[in-house]
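Heads up, the thing below is written out as structure tokens.
Computed from the coordinates by the stated procedures, all read-outs in this text should not be read as laboratory data. None of the values given here were measured: they were computed from a predicted structure. Note that we place each Cβ from the backbone using ideal geometry, even for glycine, and neighbour counts take in every protein chain shown.
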Amino acid sequence: MKTKWIAKLDYWIFESYNIAPDNLALCRISYALFNLFFLFHFNFSWIATYPDTFYHAKPGLTFFFDGFPPAWILNIFNIILTVLNFFLLFGKWTKPVSILISLTLIVSFSFVFAFGNTYHIIMWIIFPAIMAFTNWGAKLSLDSFNTNKIITTWPITFMSILIGFAFFTSGLAKLLGGWLQIGGSASWQYFHIVRSKIGRDLYLSDFIASINNAFFWETLDWLVVGFEVGFIFAVFSARSFRFFICFAILFHFANLLILNISFGIHLVIFMIFINWNMPEITNSNSLKITKQKIHAFIKKHRVYTIFFWIIPYLILFFLYKNHSRVDGILPIEVPVYTIGVSAVIYYFYKKIKLLF
Amino acid sequence: MQKKIRLLFIFVFPALFLQMHYCYNNPEPFPAIMMPRFGYQQLKDNTVSYMDVELIFISDNGKRQIIDRHQLFDSMHLPQRFFAVRKVFSTESQAAEDVEFIVWLRKKLKDLTAANSGRLEAIWHRIHLTRKNGNLIKEKEIIANKIIKL
């Protein structure tokens, strides 16, 4: 017989992060589409164009090599990733394909990181391997014709721990760095360093730079630390975590406007925590189009409306990918993210309205 | 199966905290895909902040031309570019003695500037940011200089 705390633990692990199979399928499709459209980003053959002077192996796979692999090996990685992502997109052999994508990305990025800098892409790399265990190929896939359609949600809980922990460590570093001391402002320093050194001065940057209010900057320090450290505690309640995810999207959006840091890939990962589905609407036989029917249609198909901002984003990215970039940011990203963020705010507005 | 998953969840927290403790108390390198990374710990200083900026010039027959690192490392992933500059042009770097690197650099610079020979100069500036009466004051100081013969 289960004790009370095991029952609670089981509820948290296996049930609290419930999501509709359609939503999971959309996450899968979005992930694959992003990979395919960003494949220029995941084109690893550039590594071979640099001499081994740049090679700084870190503990791990690259320790077993003396330098970068030849271009043909890296091209094989590109081809493998492209093929695997097409399989993922159409949902064929979803589970093994998802795990293989993660493995190929780990191997490929080991050589990217051998240039010396490990950057924040690890969540994107491990995401499909973890999601493979949800059975995210249960709907909108070729697999759905011949395999079971039961999904499991413990990998989403697992993902929440990793995300919560990543935010927590970022906040802890700031906390230990003295961000909560009164006087001066770490946010102010960081903002001006990024602005002056890297030249990230687009969108709201000029406006923020003109703010000389010490209270404003000090409050920012406290808000950032509180938000990032608090993430780890929110993990234990799906409702709190979803609110934190909403704030995380707004936080990253603010970062995009102020610090000009792109966050496209994280938006897709955050999507798994949002259950876009609403209750089913009763069908009516009348052919007359009424306001209620339009509302009902939107409600019923809300899960698909997400595409209204994913697909334009991908198309625009594809069209603009060769245009000049300002430190990895495309000007077109701002309006597209704005639509995405508005969708999230709308979702939470609905949820909050239900609470009261 | 349910028991195994439960155990995974019970052990994941200590494992993550142990990793964090290790990263926080030891200098790099950490395993290449390890998170978290505390390399960018942001310290708060009440009065002054500084940043190191490297400027790269090529001198050819008395003509001095600035080199944009984004052009020099154009095919590289963006986050790696700053790191690459620091690695190969720092004063401690032995890259200038590496024939393979010099050949690559010469070819790259020729494509960018049409310069055939000359020398490459990397100047490291430290910019001090001070806040006085709400205004930002920048003071530039040269902290290192490296010359690579092409």
*Length gain on complete extension for the stretch residue A:73 to residue A:240, per 0.36 nm per residue less the alpha carbon to alpha carbon distance?*
55.6 nm
*Sparsely packed trypsin sites (Lys or Arg not before Pro) within the range A:132-177, loop by DSSP, other Cβ within 10 Å at most 13*: A:149
*Mind checking A:151-162 for the average number of partner chain beta-carbons within 10 Å of each residue's beta-carbon?*
2
*May I ask for log10 I(q)/I(0) of the range A:163-217 at q = 0.28, 0.31 Å⁻¹, from a Debye sum over the Cα atoms as equal point scatterers with solvent left out?*
-1.06, -1.11
*asked:* Under 13 Å between alpha carbons, and skipping anything fewer than 8 positions from residue B:63 in its own chain: which aspartates and glutamates qualify?
replied: B:121
*What's the local net charge at residue A:159, with K and R +1, D and E -1, over the other residues with C-beta under 15 Å away?*
+2
*Shape box of the range A:16-152 [Cα atoms, principal axes, largest first, Å]*: 51, 30, 22
*On average, how many beta carbons from a partner chain sit within 10 Å of the beta carbon of a residue in A:45-52?*
5
*Residue mean of other protein chain beta carbons inside 10 Å, B:77-88*: 6
*Return the subset of A:92/B:3; B:107/B:146; B:107/B:138; B:87/B:132 for which the Cα-Cα distance in this structure is over 25 Å, preserving the input order.*
A:92/B:3; B:107/B:138; B:87/B:132
*Want the number for residue A:147 to residue A:119: 0.36 nm per residue separation, take away the alpha-carbon distance, what's left?*
6.4 nm
